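No value in this document is a laboratory result; all are computed from the given coordinates. None of these values were measured; they are calculated from a predicted model. With ideal geometry, Cβ positions are generated from the backbone for all residues, glycine too; neighbour counts draw on all protein chains shown.
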Amino acid sequence: MNEAEAARLQFLLARLRALSDEHWHTFTASRRAMDDHAWVGGTSARDFARRLESSDSALHAELRKALGLVEDALRRA
């Protein structure tokens, strides 16, 4: 890997870390409100809570995956 590619990966890693820091808790407040029973509505509220939890988990998994891919590429450099 040349110097330009390594620099590009370093920039990408920094940007991914910033995005991760900014968006890691995107669903946290809503999810906590659901956990605290702040929202009511029977089955529709429970369905929404499940989708919210799923979205939260998916976001975290994708952020970890993106960071891991770039970190692995840098280690191979």
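Can you compute the FRET efficiency between D36 and A61 using 1/(1 + (r/R0)^6), with r the Cβ-Cβ distance and R0 = 22 Å? Round to the nearest 0.05. E(calc), rounded to 0.05, equals 0.35.
Angle of helix 3-23 to the longest C-alpha principal axis of the chain, folded into 0 to 90 degrees and rounded to 10: 10°. Which value, in Å to one decimal place, does the Kirkwood hydrodynamic radius take for segment 7-77 when every pair of different Cα atoms is included? It is 13.8 Å. A Gaussian network model of the chain, with springs between Cα atoms under 10 Å, assigns the largest mean-square fluctuation among S44, S20, S57 to S44.
Taken along the Cα-to-beta-carbon direction at a fixed 7 Å, the label points for F48 and D21 span 3.2 nm. Sequence-distant contacts, meaning Cα pairs under 8 Å at least 6 residues apart, place the relative contact order of the chain at 54 percent. Each residue of segment 56-63 is assigned a 3J(HN,Hα), and the resulting list reads 4, 5, 5, 4, 4, 5, 5, 5 Hz, derived from the Karplus form 6.51 cos²θ - 1.76 cosθ + 1.60 (θ = phi - 60°), x at Gly and Pro.
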